[in-house]
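To start, the structure under review is shown below, and the notes come after it.
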Amino acid sequence: MKIVVLTGAGISAESGIQTFRASDGLWENHRIEDVATPEGFMKNPNLVYQFYNERRRQLLSPGISPNPAHIALAELEKQGKHEVLVVTQNIDDLHERAGTQNIIHMHGELLLSRCEVSGITHEARQDVTEEDECPCCTPGARLRPHVVWFGEMPLEMERIYEALSDCDLFLSIGTSGNVYPAAGFVAEAKAYGARAVEINLEASMTATQFDEHIYGPAGTVLSEFLMTLP
Ligand code: BJW
């Protein structure tokens with residue numbers, strides 16, 4: 001079976017990483033426009049560097065590790081019975097730490113920064129500041145977080161739509177369905193005949209488009225669901 005799994009912030013919640021739209025979510029302290037738009041970065045780059053530096057430090061802190069949901073997906077791929085592609089909106093690396101290999105980070109990666117001139121990405125495990133110069137090209141070129149902000153094109157869309165048009169099962173885990181184009185993936189997969197299953201704590205914005213819903217913490221309910229697969 002060909003399986004496309006879309007993951008959102010909810011899959012990392014049980015690892016201790018805050019979701020975006022929860023009442024204690026990141027956006028509470030920062031306006032979206034300030035930290036997740038190119039305009040916000042242009043206006044106050046230091047605030048944006050600081051925002052991502054704090055999230056990077058948290059991601060790399062000893063307390064953060066993959067939870068049973070990340071591990072269950074990695075094991076599903078490793079078993080080799082199904083062709084699995086994980087498309088994550090998350091910029092953390094918890095899927096990789098769990099062992100997932102076939103993955104697309106459609107909203108970028110926190111542990112990379114990108115040269116504003118060449119577009120080349122560089123590993124970023126330390127704080128990145130406005131003073132850091134890109135090591136790859138034009139002297140003085142600035143590094144920016146390798147993340148997709150509102151109004152920017154998500155990454156690897158062609159490969160994602162190709163997989164959606166050819167999957168038997170579309171599994172959406174821990175995403176609120178607020179942000180496009182990811183929120184439109186269920187419609188796309190269904191249009192090509194896939195079975196669509198949502199796993200979340202509660203109904204997402206796109207819940208009515210799914211064939212089945214499993215409501216509960218992904219760390220618990222995902223592995224139970226995967227055991228029902230042929
Ligand atoms: C659990 C759980 C547990 C908790 N177990 N579950 C009008 C209509 C349609 C579209 C648009 C529009 N106006 C503008 C747009 C486009 C715009 C958009 O969608 N805006 C909406 C706000 C309407 N989209 C874009 O701009 C995108 N680009 C684009 O469209 O390109 C084309 C284009 C190009 C040029 C010009 C114009 C268009 C880009 C979107 C980029 C999103 N970026 C962010 C930040 C990334 C970097 C970072 O992390 O800082 O991505 S925003 C943020 O939201 C982040 C997330 O990946 C994304 C999705 O959030 P997610 O993952 O769903 O998290 P939450 O918190 O919302 O939900 C968590 C869920 O988990 C909840 O449901 C919980 O219940 C659940 N949960 N614990 C299971 N234990």
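Bear in mind that the values in this text are calculations on the coordinates, not laboratory data. Quick caveat, the model's predicted, so the values are computed rather than measured. Because the Cβ atoms are built from the backbone with ideal geometry, glycine has one as well, and the counts that use them run over all protein chains shown.
Entry note, the chain: the mean residue ellipticity at 222 nm calculated from DSSP H runs of n ≥ 4, each adding -39500 (n - 2.57), is -8000 deg cm²/dmol after division by the residues and rounding to the nearest 500. Tell me, how many Å apart are the Cα centres for the range 173-228 and for the range 25-86? Taking the Cα centre of the range 25-86 as reference, the centre of the range 173-228 is 20 Å away.
How about the range 22-92: which trypsin sites (Lys or Arg not before Pro) there are in a DSSP loop, with at most 14 other Cβ atoms within 10 Å of their Cβ? Answer in residue order: R31, K81.
For the residues S12, S176, S118, a GNM of the chain with alpha-carbon springs under 10 Å puts the largest fluctuation on S118. Counted residue by residue at 0.36 nm each, then reduced by the alpha carbon distance between them, the extension gain from E116 to S223 reaches 34.4 nm. Once each of the GluC sites (Glu not before Pro) sitting in a DSSP loop with at most 16 other beta-carbon atoms within 10 Å is removed, the chain keeps 1-115 as its longest stretch. Of all DSSP beta bridges confined to the chain, the antiparallel ones make up roughly 25%. Over the range 1-136, the fraction of Cα-Cα pairs per 5 Å bin, rounded to whole percents and listed from the shortest bin up, is 2, 9, 17, 21, 19, 15, 10, 5, 2, 0. The alpha carbons of the range 107-230 stretch over 54, 30, 27 Å along the principal axes, in descending order.
Against the chain, whose longest principal axis comes from its Cα atoms, helix 68-79 is set at around 70 degrees. In summary, the aspartates and glutamates within cross-link reach of K2, defined as a Cα separation below 13 angstrom excluding same-chain residues under 8 places away, comprise E77, E83, E162, D166, D168. Across q = 0.09, 0.11, 0.16 Å⁻¹, the chain modelled as identical point scatterers on its alpha-carbon atoms has Debye log10 I(q)/I(0) values of -0.37, -0.56, -1.14, in the order of the q list.
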